[in-house]
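The values are calculated or read from the model by the stated rules, or taken from the named source; none is laboratory data. Values in this document were obtained by computation on a predicted structure and should not be read as measured data. Here Cβ is always computed from backbone atoms with ideal geometry, including for glycine, and neighbour counts include all displayed protein chains.
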């Protein structure tokens, strides 16, 4: 196993949280992962990106130039990073905010997902990140959904554990959407 | 075996230090290393230790000197501009033969620079950053696990030789999270008790003095020779490095810390393309693994050195292997983006074919 994914959005969308979650779930499954964040000095609104590299052996570089997969949550990320996705790779585009449907490239697999609307349907606008992660898991199968749910218990502070069911539902909805989109 | 944790490199340094018995921390906050004092300020009081956020970097390094002179296992941490401020104290520690750990999670410079990762403090760290012609032990971790393991080793080496030790890393290794397998610390059997420490034993025994001032005729020269004799022993016994696929390598890539991680993937990609490329990663930057470079280039193999600066370690590589062609590729600090494995691979390709 050797996979990498790049995630980008603006601060507050929860990009760093799902990067953490994915890397931790990988480690819970007994494999190795690196989680490398890069973000602006602002608490909200600045650019937030992270790279997760997952491997059953040595992780190697935590930095990736042409990622195998990219989760692009806002227009700026789409503009800056879409062209970097490895040919044959996978792009997940948050079509709630990004108008560009990615049609400029036909050398990769892409799924446009209305993550903001879907998050609101589940019950909270802040679930955008979980919708997106669920969709990525469905496509990539890098870790089991159950491992991510388990990891979420560790990544979320105890006081927020009452939100676990809502997060689980968002993950599942994202996965279902992606399954149908790829069918 | 204890469970694997998922922590930042900076946290791993803090955890390794406390596990190794460090009970005194003195520091002043600065990005990108503030996770270290944050962790220690929370955990050290529980162990009966002392955490002090000093009024400045200069105060904190001198507190470290004081704690060390009393025989305590102690540390400070900072990032590049803060480490510059500490250099006077480091020189005094080196002169007074006071052990202690200094952690530098480098950011870009010169001056206040920026907060991006950088390897531009290599010269400062390895050539003695303060005045007076000394060296300190410099270890360069390339993973979260090594941040933990090498912190413990740094304390042991520092105590063994009575030479200050530095962990030299950057924002990549400090801020990234990976799996960490914690393990209990055991002190090396050969570590002698610090009989030189100024802990006060009443009127019994000899007077003990810890100082860096030598005014007697020839005293200072002898003192300097003694320090340099220790560096020579360290060069003999304490060199550490990692090699990957060197056996049949035609081109040897070399890099340390974060850059070595990126280079490792580039070397794997080069191998997949059929190029016989290997990696030599210094773990101890002082003492520098000169002999390993000589060993690796016995058939006249060329070397390609990657750094996140405009070229510093490459000088030491060239000194280690006179007559061998040593190429350099690097990015100045604060370039805005990090080099990628693909970028290094392109450099490897052009050198390999040339």
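Here are a few things to note about the model shown:
- Considering (1) in a helix (DSSP H, G or I); (2) surrounded by 22 or more Cβ atoms within 10 Å (Cβ to Cβ); (3) away from chain A (no Cβ under 14 Å), the lone condition that residue B:231 does not fulfil carries the number (2).
- So residue B:236, is it outside any loop (DSSP other than H, G, I, E, B), within 14 Å of another protein chain (Cβ to nearest Cβ) and within 28 Å of residue B:22 (Cβ to Cβ): no
- In the stretch B:199-228, of all residues being surrounded by 15 or more Cβ atoms within 10 Å (Cβ to Cβ) and in a loop (DSSP other than H, G, I, E, B), the one that is nearest to the other protein chains (Cβ to nearest Cβ) corresponds to B:212.
- Residue in the stretch A:1-18 that is at the interface with chain B (Cβ under 9 Å from one of its Cβ atoms), buried (at least 21 other Cβ atoms within 10 Å of the Cβ) and in contact with a strand residue (DSSP E or B) (Cβ under 9 Å, 6 or more places away or on another chain) present: no
Let's see how each residue does on (1) part of a helix (DSSP H, G or I); (2) farther than 21 Å from residue A:36 by Cα; (3) away from every other protein chain (no Cβ under 14 Å); (4) touching a residue at least 40 places away in the same chain (Cβ under 8 Å):
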| position | (1), (2), (3), (4) |
| --- | --- |
| A:81 | yes, no, no, yes |
| A:101 | no, yes, yes, no |
| A:128 | yes, no, yes, yes |
| A:133 | yes, no, yes, yes |
| A:147 | yes, no, no, yes |
| A:167 | yes, yes, yes, yes |
| A:171 | yes, yes, yes, yes |
| A:177 | yes, yes, yes, yes |
| A:180 | yes, yes, yes, no |
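- Residue selection: residue A:111 fails the criterion of being touching a strand residue (DSSP E or B) at 6+ places or on another chain (Cβ under 6 Å), assigned to a strand (DSSP E or B), within 14 Å of chain B (Cβ to nearest Cβ) and at pLDDT 95 or above.
- A single member of B:46, B:3 is within 14 Å of chain A (Cβ to nearest Cβ) and either in a helix (DSSP H, G or I) or surrounded by fewer than 23 Cβ atoms within 10 Å (Cβ to Cβ) (or both), and it is B:3.
- Screening the stretch B:248-264 for residues that are farther than 14 Å from residue B:170 by Cβ and not in a loop (DSSP other than H, G, I, E, B) and picking the one that is nearest to the other protein chains (Cβ to nearest Cβ) gives B:264.
- Residues satisfying the stated conditions in the stretch A:120-149, i.e. more than 19 Å from residue A:68 (Cβ to Cβ) and either under 12 Å from the mean Cα position of the chain (by Cα) or buried (at least 24 other Cβ atoms within 10 Å of the Cβ) (or both): A:127, A:128, A:129, A:130, A:131
- Inside the stretch B:6-43, residues that are within 14 Å of chain A (Cβ to nearest Cβ), crowded, with 17+ Cβ neighbours inside 10 Å and over 10 Å from residue B:77 (Cβ atoms) make up a count of 7.
- When residues of the stretch A:135-145 are limited to those that are in a helix (DSSP H, G or I) and touching a helix residue (DSSP H, G or I) at 6+ places or on another chain (Cβ under 7 Å), the one farthest from residue A:178 (Cα to Cα): A:145
- Options B:84, B:91, B:118: the member that is surrounded by 24 or more Cβ atoms within 10 Å (Cβ to Cβ) and either out of contact with any helix residue (DSSP H, G or I) (no Cβ under 6 Å at 6 or more places or on another chain) or assigned to a loop (DSSP other than H, G, I, E, B) (or both): B:118
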